[in-house]
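Engineer: My questions will all concern the structure given below.
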Amino acid sequence: MNIEAKELSKIYGQGESRVTALDRASLTIVPGDFISIMGPSGSGKSTLLHLLSGLDRPTGGRLTYDGKDIYGLSDRELSAFRRRRIGFIFQQFRLLPVLTARENLILPLLLDKKQPDEAYVQELAGLLGIENRLTHLPHELSGGQQQRVAIARALIARPDVIFADEPTGNLDSRSGGEVMELLKTVGKELGKALVVITHDSRIAAMAERRLSIVDGVLSEVKAG
Ligand code: ADP
Ligand code: MG
């Protein structure tokens, strides 16, 4: 799936409280891409990721998935599209505390009234090293394990692209490094495009394409 963002902007507020969180960002994402986007706190990273993934709508610009204008969809159509085609990983994991790891993992399918493919659940759990943790509740898991469950959840509906917003931001550097390696490996293994936001230069350097964002302005980082 080819994703094309053209001059996406997001302006919050009006008058004196007006903030340009994102200023005409353009970006093309093709299958198999591994892109990192780095920038300081408040630079517009989350805003960009929310717009690219249809979690939010821009105040200007266009976004197409294989030529289809995503913001032309109703909210209901857009959430269905997101559930089926887009995986999202949050810094805070966002697992439901009363559900087991397995229940959290398959939740996107249940919301779509689909039955999980047991072989795929096991494959993902194996790839992410959580096969012995599936009956546990989130609070019985380490941060790294919780994030691995969240990665499996992002992959369960077989989306084309995964967006991750500071996926290692709540982890110590060792488990953060492990989680990023896994995310990269699993993304390659399953042929997903991966877009990772980070403020950690070591994590940004793992990507094949690097972008940076400063004061809402997105630019490509040249290799070298
Ligand atoms: P980052 O993820 O890089 O830390 P964000 O994308 O969250 O940055 O925020 C970019 C800018 O937009 C910041 O100045 C932030 O305060 C502002 N902002 C984000 N969300 C809102 C909102 N809902 N209302 C007003 N301003 C916002
Ligand atoms: Mg953010």
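The values are calculated or read from the model by the stated rules, or taken from the named source; none is laboratory data. Predicted model, so just to flag it, every value in this text is computed and none were measured. Methodologically, a virtual Cβ is constructed for each residue, glycine included, from the backbone with ideal geometry; neighbour enumeration extends over all protein chains shown. Surface accessibility is based on the protein's heavy atoms, side chains included, excluding ligands, DNA and RNA. Shrake-Rupley method; radii C 1.70, N 1.55, O 1.52, S 1.80 Å.
Engineer: Hey, if you drop one equal point scatterer on each alpha-carbon of segment 1-85 and run the Debye formula without solvent, what base-10 log of I(q)/I(0) do you get at q = 0.16, 0.20 Å⁻¹?
Structural biologist: After summing over all Cα pairs, the log10 values are -0.64, -0.97.
Engineer: Follow-up. Lys/Arg Cβ at +1, Asp/Glu Cβ at -1, dipole of the chain taken about the Cα centre: which of 101, 120, 175 is farthest positive-ward?
Structural biologist: 120
Engineer: Related question: So what's the net charge close to residue 59: Lys and Arg +1, Asp and Glu -1, counting the other residues with Cβ under 15 Å from its Cβ?
Structural biologist: +3
Engineer: Related question: Ignoring ligands, DNA and RNA, what percent of the 1.4 Å accessible area of the chain is carbon and sulfur?
Structural biologist: Here carbon and sulfur together make up 49 percent of the probe-accessible area.
Engineer: Oh, and also: With charges only on Cβ, +1 for K and R and -1 for D and E, what is the dipole size of segment 72-224 about its Cα centre, in debye, rounded to 20? Provide the component values of the computation, followed by the final result.
Structural biologist: On the way: 21 positive and 20 negative charges, 58 e Å.
Result for segment 72-224 is approximately 280 debye, rounded to the nearest 20.
Engineer: Let's see if you can work this out: charge +1 on each Lys and Arg Cβ, -1 on each Asp and Glu Cβ, no other charges. What is the dipole magnitude of segment 35-154 about its Cα centre, in debye to the nearest 20? Display every interim value, and only then the final one.
Structural biologist: On the way: 16 positive and 12 negative charges, 57 e Å.
My answer is approximately 280 debye.
Engineer: Still on this structure, I have one more. Just to confirm the filter: which chymotrypsin sites (Phe, Trp or Tyr not before Pro) across segment 47-123 are DSSP coil and have at most 11 other Cβ within 10 angstrom of their Cβ?
Structural biologist: Numbers: sites: 65, 71, 81, 88, 90, 93, 120; in loops: 90, 93.
Of the chymotrypsin sites (Phe, Trp or Tyr not before Pro), not one in the loops of segment 47-123 has a Cβ with at most 11 other Cβ atoms within 10 Å.
Engineer: Tally Lys and Arg at +1 and Asp and Glu at -1 over the other residues with C-beta under 11 Å from the C-beta of residue 176: what net charge comes out?
Structural biologist: -3
Engineer: Sticking with this structure for a sec: Across segment 147-154, in residue order, what do the Karplus-derived ³J(HN,Hα) couplings come to in whole Hz, using 6.51 cos²θ - 1.76 cosθ + 1.60 with θ = phi - 60° and x for Gly and Pro?
Structural biologist: Whole-Hz 3J(HN,Hα) from phi for segment 147-154: 5, 5, 5, 5, 5, 4, 4, 5.
Engineer: Follow-up question, since we're still on this one. Considering the Cα positions of segment 100-224, please state its Rg to one decimal place and its Dmax as a whole number of Å.
Structural biologist: 15.4, 48
Engineer: What translational D, rounded to a whole number of µm²/s, comes out for the chain from Stokes-Einstein when the hydrodynamic radius is the Kirkwood one over Cα pairs, at 37 °C and 0.692 mPa s?
Structural biologist: 184 µm²/s
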